[in-house]
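Have a look at the structure below before the remarks.
Throughout, read-outs are computed from the coordinates displayed, never taken from laboratory work. All values derive from a computational prediction rather than experimental measurement. No Cβ is skipped: glycine too gets one built from the backbone with ideal geometry, and neighbour counts run over all protein chains shown.
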Amino acid sequence: MQTAAVIPPLNERPIKNTIVLFDVDETLTKSRQGVKPEMLTLLSALRQKVAIGYVGGSDLAKQQEQLGTSEIPVTSLFDFCFPENGLTAFRLGVPLASQSFIGWLGEEKYKKLVNFLLRYISEIDLPFKRGTFVEFRNGMVNVSPVGRNATNAERDAFNAFDTEHKVREKFVATLQKEFVELGLTYSIGGQISFDVFPTGWDKRYCLQHVEAEKARPDGVDYTTIHFFGDKTSPGGNDYEIYSDSRTIGHSVKDPDDTLAQVKAEFFS
């Protein structure tokens, strides 16, 4: 907490008008695992130079598990926190306006979608299945054919199986045909799941919060927005923000690659 007290105000960061945004899984941490001390050290040093934030598909509770500790809230480690692609958002620890997937879609259409998801999952033949196959979040639905309760070893095993058999890719293709009228986007990310959300509610959604900063009395016009992510190919959940004309995209392989690229970009 003492470190947070000496962080320069947003409008006094040495590298002006610049913000650096990060994906979470396989960018700041290994998938669903805790952040390493060297990454936190680098982020703290980077925050002395520029504004920093993360944008992830998971909810705040999961990001707290991965990036924070029992004593340190994740919202104190970043200037901007964008859980659920920014549908839930925090600026300097203070919540910003949020959006609701069910409010946008409607209960009846939502039930039809979930019923289809569960029926499809019940018919997939996988080497094993665990629990929590459909997880509702404020701004999206996360779908895991193998189940989000899989252990890390099971996640690795399913990811290898999925790479060979394209389980998630085929699932998404079916949904795109079945629910073409709903205006939904399907984005594969991490090792075991994919996200379902209204078109336009991908990770680019967080950029509206970044752009709104210039309207604040002491606000900053972030004319340079860096983004680091691993799923940057078409169909990956980092692709849209990575390729957006408003961002400078950096594609990484894993957290170690993130460390190396950030050091080369900002500390060389």
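Miscellaneous remarks
- For segment 20-173, the gyration tensor built on C-alpha atoms gives an oblate shape. Its axis ratio a/c (a ≥ b ≥ c) is at least 1.5, and a/b is not larger than b/c.
- The largest-to-smallest principal axis extents of the Cα set in segment 109-204 are 35, 29, 22 Å.
- Space enclosed by the convex hull of the alpha-carbon atoms of the chain, per residue, Å³: 130 Å³
- Listed pairs 170/231; 170/263; 111/253; 109/170; 16/203; 36/214 exceeding 29 Å between Cα atoms: 170/263; 111/253; 36/214
- Percent antiparallel among DSSP beta bridges (both partners in the chain, rounded to 5): 45 percent
- Residues whose amide H falls under 5 Å from that of residue 22, counting only those 5 or more places apart or on a different chain, are 53, 54, 55, 228, with hydrogens built in the peptide plane.
- DSSP beta bridge pairing in segment 17-165, given as percent antiparallel to the nearest 5: 45 percent
- Qualifying GluC sites (Glu not before Pro) in segment 45-124, where qualification requires a DSSP coil assignment and no more than 15 other C-beta atoms within 10 Å, comprise 71.
- The tail of the calculated P(r) for segment 1-83, taken as Cα-Cα distances beyond 14 Å, holds 60 percent of the pairs.
- Three-way shape call for segment 132-268 based on the alpha-carbon gyration tensor, with the a/c threshold at 1.5: oblate
- The chain - mean residue ellipticity at 222 nm from DSSP helices (-39,500 (n - 2.57) per run, n ≥ 4, rounded to 500): -10000 deg cm²/dmol
- Averaging 1/r over every pair of different alpha carbons in segment 106-164 and inverting the result gives a Kirkwood radius of 12.4 Å.
- Whole-number percent relative contact order across the chain, with pairs defined as alpha carbons under 8 Å at least 6 apart: 21 percent
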